[in-house]
Structures are given as structure tokens and as C-alpha cells.
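> Before I ask anything, here is the structure I am working with.
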Amino acid sequence: MDYLVHNIAINLNHIRKAKGMSLDVVAEQTGVSKSMLAAIEKGAANPSIGVLGKIMSGLRIELTDLTQSPRQDAYLVDVGNLTPTKDVAGEYRVWTCFPIADNHVVEIYRIDVEPGGTYRSGGHGERTKEYVFVLNGELSLELATHKVYTIAAGQSFRFSSEEEHVYRNHGKEKLIFVSFFVVS
């Protein structure tokens, strides 16, 4: 499930319950069918801008009320249930596990690079550090300075990610790593 769909599902359910409204009442006030509202709250529907507009108007809320990260003390992410953020067959797949919008400080990705594959990443902005932790395989990381670092499974590495950098898998097995972007 996409993180925005997830956020909308949780936030709509929370807003509806906080207002003491049933799905029938919300459907009546918004002009969105009860079945569509139920699907949105289950995270089974990706509502259009038009549907979100009707919900916002009927409930007298802002778009950010629906899309912001829900306040939760604990949240489990299963990459198997996420749609990849980027996916190039035979090269790499990237999943956004925790987007920067959650807290404006850190963003966490799971990245898989196929044997012989390359993933080029643009810079992540000023004052951004990236931390990588290799779970499987061996990462060859090329920085804008043309320095190349090799990070093996079980190892971590930190670097300034303000400029473009390249992840390469020269090995024969799939490279799997987690990347954390931290804005300082």
C-alpha cells in the first residue's frame, strides 16, 4: 500500500470517528458513496482528487488533514505490501518505508540492486547525510568526488548525500540494503 493511501485511510477513519459520524452520515454530507468511503478507510482505494475534494468540503477539513502522517507510537512496514517507489526491471527496486513527510528529519528506503545493476541517485539537499546498512551482497558506492567505497553485508556507511551518488552491484547475488537520509 502506498504511504499516502495509508495516511488517508487512517486519517479519514480517525476524523470520522472523532466527529462521531457513521459512514452513512459522511456519505450523505460528502456525496461520496458509503462503499467508496469504506474502501478508502481500509486502504483498498486510491481516491481521486475529486473524491478527496468532496470529502474535504463535506467534512470541512484541509487536504493536509488527510495526507499528513498519522500520529502513531508504533508503525509496522512490510515491504512485501508496498508498491515500489522506483522499479527498473533487471536493475533495481526502491521502496519508501518511511517518507520524509513523516517527521521532516529522516527518510528510510529499502533498495535492491540486481547482479550487475546500477542505481543512480540524485543529491538529497543541503545538510543531508545518508546512512546505508547492507543486508545482503556487497555495495559499491561511488560519490560525486569519484571516490568508490565497498560496503559488505553487515556493514554500515555514512556520507554526505548532497550530490549525486551511484550504487552498483558487481556481485553475483542480489544486493539488498537500507538507506536512511537525515537532514541536520
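The values are calculated or read from the model by the stated rules, or taken from the named source; none is laboratory data. The model shown is predicted, which means the values in this text are computed figures rather than measured ones. Using ideal geometry, Cβ is built from the backbone for each residue, glycine included, and neighbour counts are taken over all protein chains shown. Please note that ligands, DNA and RNA were not included when accessible areas were found on the heavy atoms of the full protein model with its side chains. Shrake-Rupley method; radii C 1.70, N 1.55, O 1.52, S 1.80 Å.
> How many of the residues making up the range 91-101 are open to solvent by 60 Å² or more (accessible area, probe 1.4 Å) and either touching a Pro at 6+ places or on another chain (Cβ under 8 Å) or of a type in the set (G, A, S) (or both)?
1
> Touching a helix residue (DSSP H, G or I) at 6+ places or on another chain (Cβ under 9 Å), open to solvent by 30 Å² or more (accessible area, probe 1.4 Å) and without any contact (Cβ under 8 Å) to a residue 40 or more places away in the chain - does that describe any residue in the range 104-111?
no
> Right, here's the next one. Restricting to the range 80-90, count the residues that are open to solvent by less than 60 Å² (accessible area, probe 1.4 Å) and either touching a Phe, Trp or Tyr at 6+ places or on another chain (Cβ under 7 Å) or closer than 16 Å to Y131 by Cα (or both).
2
> Next up: Any chance the range 66-84 includes a residue that's more than 17 Å from the chain's Cα centre (by Cα) and modelled with pLDDT of 90 or more? Before the answer, list the steps.
Step one: filter the range 66-84 for residues more than 17 Å from the chain's Cα centre (by Cα), giving 73.
Checking the rest, the ones that are also modelled with pLDDT of 90 or more come to none.
No, that holds for no residue.
> So, of the residues in the range 136-169 that are touching a Lys or Arg at 6+ places or on another chain (Cβ under 9 Å) and of a type in the set (A, V, I, L, M, F, W, C), which turns out to be nearest to V105 (Cα to Cα)?
If we take residues in the range 136-169 being touching a Lys or Arg at 6+ places or on another chain (Cβ under 9 Å) and of a type in the set (A, V, I, L, M, F, W, C), then F159 is nearest to V105 (Cα to Cα).
> Next question, about the same structure. Is it true that V178 is in contact with a Ser or Thr (Cβ under 6 Å, 6 or more places away or on another chain) and within 25 Å of V105 (Cα to Cα)? Outline the logic, then answer.
Values: in contact with a Ser or Thr (Cβ under 6 Å, 6 or more places away or on another chain): no; within 25 Å of V105 (Cα to Cα): yes.
Judged against the criteria, V178 is not a match.
> Output yes when any residue across the range 15-35 is closer than 27 Å to C97 by Cβ, touching a residue at least 24 places away in the same chain (Cβ under 8 Å) and under 21 Å from the mean Cα position of the chain (by Cα), and no when none is.
Among the residues of the range 15-35, not one is closer than 27 Å to C97 by Cβ, touching a residue at least 24 places away in the same chain (Cβ under 8 Å) and under 21 Å from the mean Cα position of the chain (by Cα), which makes the answer no.
> What's the number of the only condition in (1) farther than 30 Å from M56 by Cα; (2) in contact with a strand residue (DSSP E or B) (Cβ under 9 Å, 6 or more places away or on another chain); (3) surrounded by 13 or more Cβ atoms within 10 Å (Cβ to Cβ); (4) in contact (Cβ under 8 Å) with a residue 40 or more places away in the chain that Q155 fails to meet?
Going through (1) farther than 30 Å from M56 by Cα; (2) in contact with a strand residue (DSSP E or B) (Cβ under 9 Å, 6 or more places away or on another chain); (3) surrounded by 13 or more Cβ atoms within 10 Å (Cβ to Cβ); (4) in contact (Cβ under 8 Å) with a residue 40 or more places away in the chain one by one, Q155 breaks only (4).
> Still on this structure, I have one more. Hey, among the residues in the range 31-79 that are within 29 Å of I108 (Cα to Cα) and among the charged types (D, E, K, R), which one's least open to solvent (accessible area, probe 1.4 Å)?
This residue is E41.
> Give me the residue from the range 115-134 that is farther than 22 Å from E91 by Cα and either basic (K, R) or assigned to a strand (DSSP E or B) (or both) and, out of that set, least open to solvent (accessible area, probe 1.4 Å).
Here is the first cut: in the range 115-134, the ones farther than 22 Å from E91 by Cα are 125-129.
Pick out the ones that are also either basic (K, R) or assigned to a strand (DSSP E or B) (or both) and you get 127-129.
Numbers: R127: 140, T128: 3, K129: 78 Å².
The extreme case among them is T128.
> Just to verify a result, which residue in the range 135-151, among those that are without any contact (Cβ under 8 Å) to a residue 12 or more places away in the chain and not in a strand (DSSP E or B), is surrounded by the fewest Cβ atoms within 10 Å (Cβ to Cβ)?
First, the residues of the range 135-151 that are without any contact (Cβ under 8 Å) to a residue 12 or more places away in the chain: 145-149.
Subset that is not in a strand (DSSP E or B): 145-147.
Working: T145: 10, H146: 6, K147: 9.
It comes out as H146.
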